[in-house]
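Chemist: One structure is given below, represented as structure tokens, and several questions about it will come after.
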Amino acid sequence: MHSSPPAALCPAAAEARTAFSEAYAHAVQPRPPQPYLRPKGGSGRSAPRLSLSYTLPGDIRSACVARAATAAALEVHGLDAYVWPVTYAVTELVSVTARMSPGRELYVSLRHRDDAVRLLVWDQHPHHTQPALADLCEARRRRALWLLAAVVEDWGGEWGTREEEQRRNGGKSWVFPPR
């Protein structure tokens, strides 16, 4: 466990510490919850499509919870071939987005439609009014995701990040593993 919280990637958030992160820093490492999911198979019908969304605290330790929930959902829906790449991707995205917006909630969405898996992580990172600061922040986010970029490229998948519209704070990061 860290004696102090890890540094924020965003230069503007580097000094910010929330009451949540201070309280959570001294907590015992929680065991990831076991999500309630429908079992494989069923009553002769086709397996339900995967549609999982959840919100996590903006703490790098949330990556462990995201990994466990994602792996369980993929396994229950018979998508075992996606377990390693998608759990790796969600771990990377959650840990980086938590460092971009420490103490602010993250939203994770995992979908399987038309034989394709889509992973999306949204954070509440505030917009920067200074263009130089916004560019530096985006460069730090992309640099922190360099290993994810290399792995997704090696799989033949797609990934990216995008800042939300000006009227809403936040950014989206996504991964589409190959079929």
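The values are calculated or read from the model by the stated rules, or taken from the named source; none is laboratory data. Just so we're clear, the structure is a prediction, and the values are computed from it rather than from any experiment. The protein model used for the area step is the full one, side chains on, heavy atoms only, and it has no ligands, DNA or RNA in it. Shrake-Rupley method; radii C 1.70, N 1.55, O 1.52, S 1.80 Å.
Chemist: Rounded to the nearest 10 Å², what accessible area does Trp155 show when all protein chains are kept and the probe is 1.4 Å?
Modeler: For Trp155, solvent-accessible area is about 60 Å².
Chemist: Another one. List, in order, the whole-Hz ³J(HN,Hα) value for each residue of region 89-94 obtained from phi through the Karplus relation with A = 6.51, B = -1.76, C = 1.60 and θ = phi - 60°; use x for Gly and Pro.
Modeler: Listing the rounded values in order: 5, 5, 4, 5, 5, 5 Hz.
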